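In what follows, a structure is listed as structure tokens, so that the remarks can point back to it.
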Amino acid sequence: MALLLRIAKSQQLRRGFSALPTTQQRVVLAERAAANPLASQFVVENNAPLPELRDGTVLVRNRFVSVEPAMKGWISTVQNYASVPTGDTMFAFGVGEVVASALDGVAVGALVAGRTGWQEYGAAPRIADPAEPLFRVVDEATAPPSLALGVLGINGLTAYLGLREVGRPKAGETVLCSTAAGAVGAARRSAVGQLAKRAGCRAVGVAGGAAKAALCVDAFAYDACVDYKATGDLGAAVAAACPDGVDVFYDMVGGDQLDAVAPLLNVGARVVVVGTAGTAAWSPPPRGLRLERHLLVKRASMAGFLVFDHAAAFPAALDDLARLVADGSLVHREEVRRGLAAAPRALEDIYRGANAGKLIIAVP
């Protein structure tokens, strides 16, 4: 009897499938990236099958999908914490309406966010996916849905929890936040400066280009921002902007920027490693400065941060971020491009510095 009831329930939840299309558009990874991503490494398929709806999942019609700096690692030839198999739909976070449900508590018509992929229709949540703590119902009345992919999603959480859990800023300290190509980590960079100021710190950024450096100061509450494209000595420029040294280095870049900042670390400094965008390729491993002497003499710490390790903190952190966005305390920027076919070029553009905010793809 229990089995019959389960089958009947499953059939009821799947109603409406006859009204759905039998094919969809999606973006597939065709070639792994040995360096920075290229649009040519993806293929747009216009007659792909819809994902299968399994027990415990929903089928989502995407409104928006995200373009992330982390995608470089996901498609790299070098194994990453999350790797997209060649030939599969590109991993991506999305937000959209539930059009069919086999998940208790989530009804057809609900607006949800999760890892839905670069496709018109995505199935979520995925079993054993480390990103699934980000699957949630979204309240459109409290904030625009696209924010669930940026400041109220993985980017805002990475800024908020990375700074709090690893950076541990204290009032009066200096927090330095790096970026690369002017736009990598734009959503995180904008939040880190504002959160550091709320903690009573001096916030200093590193950005590429005068316009982006000015934006950090004028819109995102940084006390100063170094334009790395305008200096031949990044270390000296950062030292001038951080006259009392660096207590927290929120690093999305690594490479030459990390090498330049290491001598400026104060005793007890914390380095939060959230990205390595400054290194185009990791095979063979690049050679550079050795940091251990700086860490030893300064009694500094350096730790990697992956937001998925902190899932238990997501609900409270998202509530706090939503409150800050709602009352205007947390300023953010988005750049929306239209159509799934635009997604591969958008990812390439991140590493060319050709975007001015969090990149979102609107799915027609």
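Restricting the first member to the range 159-179 and to residues that are open to solvent by 10 Å² or more (accessible area, probe 1.4 Å), and the second to residues that are part of a helix (DSSP H, G or I), the beta-carbon pairs closer than 7 Å and six or more apart or on different chains are Y160/A191; Y160/L195; Y160/A317; Y160/L321; E165/H310; P169/L163; P169/A196.
Quick check on the range 341-364: of everything there that is under 18 Å from E45 (Cα atoms) and assigned to a loop (DSSP other than H, G, I, E, B), which residue is most open to solvent (accessible area, probe 1.4 Å)? Checked the range 341-364; the qualifying residue most open to solvent (accessible area, probe 1.4 Å) is P364.
For the range 41-142, give me every one of the strands (runs of 3 or more DSSP E) that falls completely inside it and has 1 or more residues that are among the aliphatic types (A, V, I, L, M), under 16 Å from the mean Cα position of the chain (by Cα) and at pLDDT 95 or above.
Filter on the range 41-142 gives 58-66, 93-101, 111-115.
Selection of the range 294-347 for residues being in contact with a strand residue (DSSP E or B) (Cβ under 9 Å, 6 or more places away or on another chain), free of Cβ contacts under 8 Å to residues at least 12 places away in the same chain and either among the basic types (K, R) or within 30 Å of E120 (Cα to Cα) (or both) yields only P315. Filtering the range 205-235 to residues that are open to solvent by less than 30 Å² (accessible area, probe 1.4 Å), β-branched (V, I, T) and free of Cβ contacts under 8 Å to residues at least 40 places away in the same chain leaves only V226.
When residues in the range 232-258 are screened for being at pLDDT 95 or above, in a loop (DSSP other than H, G, I, E, B) and either touching a Pro at 6+ places or on another chain (Cβ under 9 Å) or not acidic (D, E) (or both), 3 of them pass.
The values are calculated or read from the model by the stated rules, or taken from the named source; none is laboratory data. Given the structure is predicted, the values throughout are model-derived calculations rather than measurements. Every residue, glycine as well, gets a Cβ built from its backbone with ideal geometry; the counts of neighbours run over all protein chains shown. The protein model used for the area step is the full one, side chains on, heavy atoms only, and it has no ligands, DNA or RNA in it. Shrake-Rupley method; radii C 1.70, N 1.55, O 1.52, S 1.80 Å.
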